[in-house]
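Working notes for the structure below.
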Amino acid sequence: MTDHLPYQIGFLRQVETPCRDVQPYRNSLGPKQAFDVRNEPADGEVLPRRECLRLLASAHVGRIVYSRQALPAVEPVDFFLDGETVVIRVNEASRLAKAIERAVVAFEADEYDAAAGTGWSVTIVGESFDVAKPNEVARLSGLVREHWAQDGKDHLVRISTASVTGHRICPPL
């Protein structure tokens, strides 16, 4: 990690040029950065970005990973993919909403078939930000799944896909 970064993220390693699945990331705190956050599964197939996004679009529940009072926190959330960004609905008064405001977060979704021994996992890392433009809120609200609670205090949060990694779990031969 270089000293000029305005924040420290211990699990991210800065690289000179973007890797195949790592896109340059422009954060609100500093210059364009590229991070190598690829995970290397012990067994299975590393998935390209396009396949990761296709699998992510097929999932309904994911996990947002963020920092709450300087400790890691994970919460399950309903989500959908809008282009290449993840959109979640959060209660604007919740600890989650306050903790992820303009923060770098991780988001993970997966599927596993225990009987077949197969599955996949996709992780993204990116900045989260509130969806504020009225026309965008209206458009995205029309895409929200009906089972999401809507109590009038919820708002939409978009998570950029600065880094997308994934792997497919294969049964042993």
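Each reported figure results from applying straightforward, stated rules to the coordinates on display, with no laboratory input. None of the values given here were measured: they were computed from a predicted structure. All Cβ positions, glycine included, derive from the backbone under ideal geometry; neighbour counts span all protein chains shown.
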Legend entry - Translational diffusion of segment 44-169, µm² s⁻¹ [Kirkwood Rh, Cα pairs; Stokes-Einstein; 4 °C; 1.567 mPa s]: 86
Legend entry - Amide H contacts of residue 118 (H built 1.01 Å from N, under 5 Å, at least 5 apart or other chain): 113
Legend entry - Rough spin-label spacing in nm, given labels placed 7 Å along Cα→Cβ, for residue 118 and residue 138: 4.4
